[in-house]
1. Keeping to segment 241-260, report how many residues are of a type outside the set (D, E, K, R), under 21 Å from the mean Cα position of the chain (by Cα) and not in a loop (DSSP other than H, G, I, E, B).
2. Can you tell me which of GLY124, GLY176 is free of Cβ contacts under 8 Å to residues at least 12 places away in the same chain and either at positive phi or out of contact with any Asp or Glu (no Cβ under 9 Å at 6 or more places or on another chain) (or both)?
3. Does PRO164 satisfy the criteria of being in contact (Cβ under 8 Å) with a residue 40 or more places away in the chain and more than 30 Å from THR49 (Cβ to Cβ)?
4. Considering segment 146-159 alone, what residues qualify as being within 13 Å of the ligand (Cβ to nearest atom) and among the hydrophobic types (A, V, I, L, M, F, W, C)?
5. How many residues, within segment 112-144, are assigned to a strand (DSSP E or B), closer than 18 Å to GLY242 by Cα and either within 13 Å of the ligand (Cβ to nearest atom) or hydroxyl-bearing (Ser, Thr, Tyr) (or both)?
6. So which of LEU188, LEU131 is surrounded by 15 or more Cβ atoms within 10 Å (Cβ to Cβ), farther than 28 Å from LEU224 by Cα, under 12 Å from the mean Cα position of the chain (by Cα) and aliphatic (A, V, I, L, M)?
7. Name every residue in segment 36-78 that is crowded, with 17+ Cβ neighbours inside 10 Å, assigned to a helix (DSSP H, G or I) and more than 7 Å from the ligand (Cβ to nearest atom), in order of residue number.
8. Go through segment 140-185 and give me each residue that's over 18 Å from the mean Cα position of the chain (by Cα), open to solvent by less than 20 Å² (accessible area, probe 1.4 Å) and not aliphatic (A, V, I, L, M).
Amino acid sequence: MVPDDLRPLASAAELATWRPGRPIRVLETVDSTNCEARRLAERGAAEGTVVIADAQTGGRGRMGRSWVSPPGVNLYLSLVLRPKLTPRHAPQLTLLASLAVAEALESCFGLDAAVKWPNDVLLGGKKVAGLLGEIAATMAGIEYIVMGIGLNLNMSAAQFPERPLYAATSVAIEKGEPVPRLPVAIRLLELLDDYYRLFLKEGFAPIRSRWERRCPMLGGFVELDGGSGAVSGEALGIDADGALLLRLGDGRVERVLSGDIVAFQAPGDPSPRPR
Ligand code: BTN
């Protein structure tokens, strides 16, 4: 088996850019790294605090789903952020984190990873990572955001649910061999740090343009489920808040704030469009 120990992360010495004073907690087993990060944030944990676990017993996904989190194979991590933003800007940080995950996969393995609005990273059209951003806010603004990242690195086909809700994969399945977790965790934390600094300095615009370049669905026809029901149209891009811009059949452009893309037709594909 490839070297697989995540504990060296706790020293932070491995990280080129991670700023001091930002603790990285490496746990063997936890209910959910998002839950643990929220508990720490409630007790005043500093911006940049990271919780990473070898296994989760109650890994959580979006929309009340669970996130399969067996030991020793994947990355499960959560980051505490305290940006001075209004809650409506919080989705920008999920897009930032998905961009960092996609770039970490390219940088570590040369894989062409794509982002999918609002919170997925895909390899060959299958989901390899999911993001779960949870926000605590008051009238005064965001108190903290916990950004949870689940990245399937070495999960085997047999470890995925028998009846998956969507097509899913892992890096090992795509590459045909196991991969070490530590260098990916290090690269991912570096990219998260780089992009978060860029975001604080220059706002969402540079993140948005990078994210859009990594999203093969833009210009294509998508069907969405959730939020305010089913809706379909041409995916034009994301707006300054991180909402998906969709050109509907009647030409109107709608801002979609939440939902899942359930069908996609690439630009120029002549086959019949999804319903
Ligand atoms: C999704 O795609 O539905 C989001 C999945 C998010 C999973 C990660 S794993 C680390 C963190 N802890 C959790 O319980 N969930 C997130």
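The values are calculated or read from the model by the stated rules, or taken from the named source; none is laboratory data. As the structure is a prediction and not an experimental result, all values here were calculated from the model. Heads up, the Cβs are rebuilt from the backbone with ideal geometry, glycines too, and the neighbour counts pull from every protein chain shown. When the accessible area is computed, the model is the full protein with side chains, heavy atoms only, and any ligands, DNA or RNA have been set aside. Shrake-Rupley method; radii C 1.70, N 1.55, O 1.52, S 1.80 Å.
1. Final tally of qualifying residues: 3.
2. Only one candidate passes the filter, namely GLY176.
3. no
4. VAL146, MET147, ILE149, LEU151, LEU153, MET155 - these are the residues of segment 146-159 that are within 13 Å of the ligand (Cβ to nearest atom) and among the hydrophobic types (A, V, I, L, M, F, W, C).
5. Qualifying residue count, segment 112-144: 9.
6. Answer to the selection: LEU188.
7. GLU36, ALA37, ARG38, LEU40, ALA41
8. GLY141
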